[in-house]
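First the structure, in the form of structure tokens, and then the observations on it.
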Amino acid sequence: MSEVKGARGHGAAAARAPRAAAMSVEEIKSFLLAEFPHLVDEIGGLAVEDASADHATVRLTVGNRHLRPGGTVSGPAQFYLADVCAFIAVLAAVGPVALVVTTSATINFLKRPAPTDLIATSRILKRGKRLVVVDCTMHSEGEDEPAAHAVLTYAIPQK
């Protein structure tokens, strides 16, 4: 029996095993504290809840500094959370590379988030040698409906 091959000539036998995470949640937390202390000290409010080779979940503990007039989480705070959550997904996938940079970002604000914790979940859509594309959805704690959605692209520096 012949093996059916895909567009790139890879057969079923050549199917890839799931990739292992390059960094654990604890390693990511230590890395962020060492390389980006302002995320903890100055901007603050972040908690890395989960990370694997293809996704991450980060919570923003919303405080007064994250709110805009009218009592909702500001757009810049939502964008900050999306960028950090997607960056953490990239770190979990590729390892401790401080010079991974955002090259493109689009965010859609879907509804007014409640002035409570905002939870972002990101997943890697495409991981190449030079670019990683990440999808990120944010919702207020206790709500299922998304408050915002972002798609971000990161460049991985070449050695």
(request) Working only within the range 10-46, note down all residues that are surrounded by fewer than 13 Cβ atoms within 10 Å (Cβ to Cβ), modelled with pLDDT of 85 or more and among the aliphatic types (A, V, I, L, M). (result) A20, L33, A34
(request) Among residues belonging to the range 117-126 that are assigned to a strand (DSSP E or B) and touching a residue at least 40 places away in the same chain (Cβ under 8 Å), point out the one that is nearest to T153 (Cα to Cα). (result) I124
(message) Looking at E145 and the list (1) touching a strand residue (DSSP E or B) at 6+ places or on another chain (Cβ under 6 Å); (2) under 20 Å from S74 (Cβ atoms); (3) not aliphatic (A, V, I, L, M), which single condition is not satisfied?
(response) (1)
(message) Looking at (1) buried (at least 17 other Cβ atoms within 10 Å of the Cβ); (2) modelled with pLDDT under 95, which one does T57 not meet, given that it meets all the others?
(response) (2)
(message) Is it the case, given these coordinates, that Y154 is buried (at least 17 other Cβ atoms within 10 Å of the Cβ) and part of a strand (DSSP E or B)?
(response) yes
(request) Return the residue satisfying two criteria in turn: it lies in the range 96-111 and is under 20 Å from E145 (Cα atoms) and either part of a strand (DSSP E or B) or of a type outside the set (A, V, I, L, M) (or both), and of such residues it is farthest from the chain's Cα centre (by Cα). (result) K111
(request) Return the only residue of A114, A53, A93, A47 being without any contact (Cβ under 8 Å) to a residue 24 or more places away in the chain and either under 19 Å from E26 (Cα atoms) or part of a loop (DSSP other than H, G, I, E, B) (or both). (result) A47
(message) Name the residue that is surrounded by the fewest Cβ atoms within 10 Å (Cβ to Cβ), counting only residues in the range 103-129 that are out of contact with any strand residue (DSSP E or B) (no Cβ under 6 Å at 6 or more places or on another chain), closer than 22 Å to S52 by Cβ and not small (G, A, S).
(response) K129
(request) Output the residues belonging to the range 130-142 that are within 22 Å of L67 (Cα to Cα) and surrounded by 14 or more Cβ atoms within 10 Å (Cβ to Cβ). (result) C136, T137, M138, H139, S140, E141
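The values are calculated or read from the model by the stated rules, or taken from the named source; none is laboratory data. Only a predicted model underlies this, so the values are computations on that prediction, with no experimental measurement involved. Reconstructed Cβ throughout: ideal geometry from the backbone, glycine too, with neighbour counts over all protein chains shown.
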